[in-house]
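Some notes on the structure that comes next.
Where a number appears in this text, it was derived from the coordinates with a stated rule and is not lab data. Note that the coordinates shown come from a computational prediction; the quantities given were computed from them, not determined experimentally. Reconstructed Cβ throughout: ideal geometry from the backbone, glycine too, with neighbour counts over all protein chains shown.
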Amino acid sequence: MKQSNIVRITADIMFPFIMIFGAYVVLHGHLTPGGGFQGGAVMASGVVLLLIAHCDKDIKTLIPTQILKNVETFGLLLFGLSALAAVILGSGFFTNWLVNTGLLFGTPVEYGPNPGYLNTGGVIPVMNIAVGLEVLAALSVIAVIMFRSTEPDCGGEEQ
Amino acid sequence: MNRKNGITVCIIAIIAVVLIYAQSGISFGDPVYQDMDQYFLLNGQVQTGGNNICTDVVFDFRAFDTLGEATVLFTAVMGVIVIFRRLMKGEEYEAE
Amino acid sequence: MTGMDLFANLPGLLLAVPLIFAFATPLIGRYLPRARDGWVLLGMVLTTVIGLLIASAVFTGGTVAYTFGVPDPSVTVPPDSGGIPVRIIFNIDAMSAFMVVIAVVTGLCVMLYSLSAASRSSGKDGYYTLFLLLVAGVLGMVCTGDLFNFFVFLEIASLAGAALVAFRVDKGIAIEAGLKYAMLSTIGGLFFLLGVALLFGQYNTLNIAFLAERMGTTGLTTPDAVALVLFVTALAMKCGAVPMHFWAPDAYAMAPAAVTAFLVVSSQASLYALFRICFSLYGQTLNTVLLGWFIIILGLLSMFIGVTMAILQKDVKRLMAYHAVSQTGYMLLGVGVGLAVLSSPLLLSNFGMMAMEGGIFHIMNHAFYKGLLFLTAGVIFYRCGTRNLNDLGGLGHSMKWTMLFFIIGALAIAGIPPFNGFASKLMIYESVFSFNPLLSIIAMVVSILTLASFVKVFHSIFMGPKRPEFADVTEAPLPMLFGMGVLSILVILFGIFPEQVVEVMVAPAASALADQAGYIGSVMGGA
Amino acid sequence: MIGNAPFFVAMLLIIIGITGMLTRYNLVRIIISLTILESGVNLFLVSLGYREGGIAPIFTGSPDGALMVMPTVQAMTLTNIVIGLATTALLLSFIMVLHRRYGTCDIREIRRLRG
């Protein structure tokens, strides 16, 4: 099924904006409503938009599944290892070892309302990014594989 | 067929009565105990540095749940990949 | 705490290791396919070592409480919180450690077996990843002391299990079984979550120990009772007790044999949770006699209907699956009797503890011998390509080791001395007899029916003349034999030295389950 | 009673979901019922944390000293939404394969396994 030019061009124009908005939601997860899952889902919706708009082209070259799978593994490993790093640094599993250190994301925060500073939150922004990447890749992989399996001459996903 | 419908209606009626009875024991907007959440609201910002207390709970106080949740998503992806995989030649399991 | 202290962080690593190995498996399978088998085996061996270390620490030093996300994990209650636990806590008492031992030992044997069993199929990356996730899910379920965390791990185990059940996709029947399993698990999970929500709405905590303490001060309210009903429904569904057992034969029969052997452990993790909720969460708040009798009746139904359905089956694995339902009944019966007399210390010390020990010991024995039986069924299918009893025959000539392992497993499940099934069943018979002789007699009758069923199976698979269509059937490959060998050695050892096992592992587990105050105290301090 | 209206609606959604699951025969409709059931549970969870007059628990630009609603249930709901999404994806892919094999989504026609 071939989509009309309007759909395809609009999708191409919208795609970067959707990605940027998703990245904003992920990065500001510790300050504003949102976070890794929500932002990741927004970004995945961009990928799905491309998938729908260009469904007549070869999906394999447009959205390579292997790269998405690698991104997913990377996100999960980043999440797991940033939690495990606390053990290596000598405290418990999942301890927030970056908070209040003054390093990356380590500015201390006072209690009470404030305008929001990006460089806070310790490992929370790191985990947000990890989860954002994971959700982006996971939802895209699911959508791409399901989409590809509906094509009549397709035997399925290669291993 | 009619008997089966009767049983279904009975099951649904019992579940409905039980659930609606159960929710009447909790009052909306005025929880009895609030101490754990109050702790998060008072200390979350200082302990974790995040302004959004929900994210603090998700990624710090209950971060292990979040790892589990990411794992569930990963499991689903692996499941979908396995289900839609291309079988090898002559791979057959079910003798019928 | 200064410096890197791995030993204090073992409970965290118990989950971190299988999860991180699972996350990396697809990558390794893609870029270093030769290293994949070694990688997953390494992950499983590391998990086993960590699990056994934790178990030995718990059996020698008492309950281990591990808090996630604080510099010192042994501090369960933050000093500034006014005495409430706010974070996720792993509360590994003797009962949890007992389940950890079952899960890691069975998991290791099954992984060894899988290394050659899966060698002929596609999608091995997915298989091993999902298997490690299933192991991690079960370990999380049995270790956690937090209701919502339990729900998350229940979902991991359910989804990984469902995907593995559907692994053999070629004709669609396996998908159907997987769909059934996934659907049922999801409904069970949602019921469980609704129960958690009802409790959280009243007590504003998710920690089992702290919930039990608060519930003890308030008494049983209506939402509590409804939550209990929801928990029992969901977990009885997941552990394959009779009114909701219909998924078990399909899922067990269609999954690869190695997965089936571990799905048994996964069901038992739900059984563990059922006991944990009845004893540790509701133990003192509730009239346990009624709940105990309910569980006893569930057990009796499971025992009887399971074994009756099993006799009719033609498919080896389906038959064994119905026996798994039937054996679950023994565990429910034993622990149910313990629950029914929980409020009376005299009866509890007379026979209640022994019934509970029997039921709990049977969990471990069942995991080992039923795992062994499913693995032998898998070998037969691997070599002969069929599971239909009418088509099989005369395999005793060519598969001598498999036959030996099958005999060991079959005698153990039927409760014949000197195998481990006898030890635990004897404890159940004796103690249940003093509770109510009729129950004990039913249990014995079921055991005899089990024996009859397995004699028939043995006869039709291994006895008889050598059949021409199985002329080139040879013995199973070495890793498969090794996996089965380890399990059968355990079956024999536990049968010859049951007293030692009961003393070291089972009795502490039973008393940990019965001791609600101790469970609360290990998190809340004092007590 | 009227004060508990959010809980009541959540329970109603759960009951609608269960009804759908018990009475429908098309697998896709059963999955839709399952998602309705799940939405009911999510709604119940998130409404448990409401406190009279509370605002969202975010300090960025919030008024000084305002009462905030409870964050834990929101975190739990978030977790459950993602879990539900994963489950639905897996179930739907099962159904897609089943439909390709059997050519139907009706559970009365594809029930080959006898439980």
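Things to note:
- Positive-end residue of C:Met356, C:Leu312, C:Phe167, charge dipole of the protein assembly as shown with Cβ unit charges: C:Leu312
- Using the Cβ of C:Gly358 as centre and a radius below 15 Å, the other residues enclosed give a net charge of -3, where K and R count +1 and D and E count -1.
- Student exercise, chain A dipole from Lys, Arg, Asp, Glu Cβ charges, in Debye to nearest 20: 160
- Trypsin sites (Lys or Arg not before Pro) within region A:1-62, DSSP loop, no more than 14 other Cβ atoms inside 10 Å: A:Lys2, A:Lys57
- Across region C:235-372, Cα-Cα pairs farther apart than 18 Å form 52% of the total.
- Dipole-positive endmost among D:Leu37, D:His99, D:Ile58 within region D:2-110 (Cβ charges, Cα centre): D:His99
- Rounded FRET efficiency, nearest 0.05, which uses the C-beta distance separating C:Ala452 from C:Ser343 and R0 of 41 Å: 0.60
- Here region C:181-203 is scanned for amide nitrogen atoms under 20 Å from the site 7 Å beyond the Cα of B:Tyr33 along Cα-to-Cβ, giving C:192-203.
- Based on alpha carbons, the Rg and Dmax found for region D:2-110 are 18.6, 62 Å.
- Cα centroid separation - region C:360-386 against region C:82-145, whole Å: 18
- Point-to-point label distance, C:Phe59-B:Ile12, nm (Cα→Cβ direction, 7 Å offset): 5.3
- q = 0.17 Å⁻¹: log10 I(q)/I(0) that the Debye formula gives for region C:243-287, counting C-alpha atoms only: -0.59
- Within chain A, the longest run free of exposed loop sites, counting GluC sites (Glu not before Pro) that sit outside DSSP helix and strand states (H, G, I, E, B) and have at most 13 other Cβ atoms within 10 Å, spans A:1-109.
- Length added when fully stretched, A:Ile20-A:Asp58, from 0.36 nm per residue minus Cα-Cα: 11.1 nm
- Within chain B, the whole DSSP H helices whose Cα atoms reach 24 Å or more along their own axis and whose mean Kyte-Doolittle score is at least -1.0 are B:2-23, B:63-83.
- Computed over region C:308-423, the convex hull of the alpha-carbon atoms projects to a mean area of 7.8 nm².
- Distance between modelled label sites at D:Tyr25 and D:Glu109, nm, 7 Å Cα→Cβ extension: 1.0
- Region A:47-76 versus region C:420-469: alpha-carbon centroid distance in Å: 55
- A Förster radius of 25 Å combined with the Cβ-Cβ distance from C:Leu290 to C:Ser511 puts the calculated FRET efficiency at roughly 0.60.
- The alpha carbons of region C:137-261 stretch over 55, 26, 19 Å along the principal axes, in descending order.
- Structure remark: mean-square fluctuation, Gaussian network model of chain B, C-alpha springs under 10 Å; the largest value among B:Ile83, B:Ile14, B:Ile53 belongs to B:Ile14.
- Fewest neighbouring Cβ atoms within 10 Å first, the residues C:His459, A:His54 line up as C:His459, A:His54.
- Estimated translational D of region A:5-149 in µm²/s (Stokes, Kirkwood radius over Cα pairs; 4 °C; 1.567 mPa s): 78
- Counting Lys and Arg as +1 and Asp and Glu as -1 over every other residue whose Cβ lies under 13 Å from the Cβ of C:Val337, the net charge comes to -2.
- Each stretch of four or more DSSP H residues adds -39500 (n - 2.57); spread over every residue of the protein assembly as shown, this sum gives -23000 deg cm²/dmol at 222 nm.
- Nearby lysines by direct alpha-carbon distance to C:Lys317 (threshold 24 angstrom, same-chain neighbours under 8 apart not counted): C:Lys124, C:Lys171, C:Lys180, C:Lys238, C:Lys370, C:Lys400, C:Lys425, C:Lys456, C:Lys466
- Chymotrypsin sites (Phe, Trp or Tyr not before Pro) within region D:1-42: DSSP coil, no more than 13 neighbouring Cβ in 10 Å: D:Tyr25
- Alpha-carbon Debye profile of chain C, log10 I(q)/I(0) at 0.07, 0.12 Å⁻¹: -0.35, -1.08
- Rounded to the nearest 0.05, the FRET efficiency derived from the C-beta distance between C:Ile489 and A:Tyr111 at R0 = 60 Å is 0.50.
- Taking 21 Å as the straight-line reach from the Cα of A:Lys60, the lysines in range (excluding those fewer than 8 positions away in the same chain) are A:Lys2, A:Lys69.
- DSSP-loop trypsin sites (Lys or Arg not before Pro) across region C:115-206, with at most 16 other Cβ within 10 angstrom: C:Lys171
- Crossing angle, helix C:316-340 versus chain C [Cα axis fit, 0-90 degrees, rounded to tens]: 30
- Spatial extent of region C:1-110: Rg and Dmax, with the Cα atoms as the point set, Å: 16.3, 54
- Taking other residues whose beta carbon is less than 10 angstrom from the beta carbon of A:Ile124, and scoring Lys, Arg as +1 and Asp, Glu as -1, yields -2.
- Fully extending the segment from C:Asp170 to C:Leu42, taken as 0.36 nm per residue of separation minus the present Cα-Cα distance, adds 43.0 nm.
- Solvent-free Debye scattering, log10 I(q)/I(0), computed from the Cα coordinates of chain B at q = 0.13, 0.15, 0.19 Å⁻¹: -0.88, -0.90, -0.97
- Separation of region C:287-357 from region D:49-79 is 46 Å, based on Cα centroids.
- The protein assembly as shown: Rg to Rh, with Rh as the Kirkwood radius over Cα pairs: 0.95
- Rg then Dmax, both in Å and based on the Cα atoms of region C:58-149: 17.3, 58.
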